[in-house]
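A short reminder: the numbers here are calculations on the coordinates, not readings from a lab. Nothing here was measured: the structure is a model prediction, and the numbers come from that model. Positions of Cβ are generated from backbone atoms using ideal geometry, with glycine treated the same way; all protein chains shown enter the neighbour counts.
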Amino acid sequence: MSANVTNISGAASQFKYGDLVANIIDFLIIALIVFIAYKLLKRYKLLEDKTEPESK
């Protein structure tokens, strides 16, 4: 699927929905991998959480 749109210079361009969906899926996969890596590092205490207040 695609849509024909005009760009700033007035030339016709094609907007491909498949490319958009593929990029969204790629982003979600990478975000999931980063989230899992963060959780694993946090679990094994290799990463400090700076959002928690320090106890005195």
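For the reader, a short list of remarks on this structure follows.
- Axis of helix 17-43 versus longest Cα principal axis of the chain: the two differ by about 0°, to the nearest ten degrees.
- Taking 0.36 nm per residue of sequence separation and removing the Cα-Cα distance, the Ala11/Ile33 pair yields an extension gain of 4.0 nm.
- Put simply, the C-alpha atoms of the range 2-43 give a gyration tensor, and the ellipsoid matching it has half-axes of 37, 10, 4 Å, longest first.
- Applying 1/(1 + (r/R0)^6) with r as the Cβ-Cβ distance of Thr51 and Asn23 and R0 = 25 angstrom yields a FRET efficiency of 0.25.
- Rel. contact order, % - alpha carbon contacts under 8 angstrom, at least six apart, the range 2-43: 25
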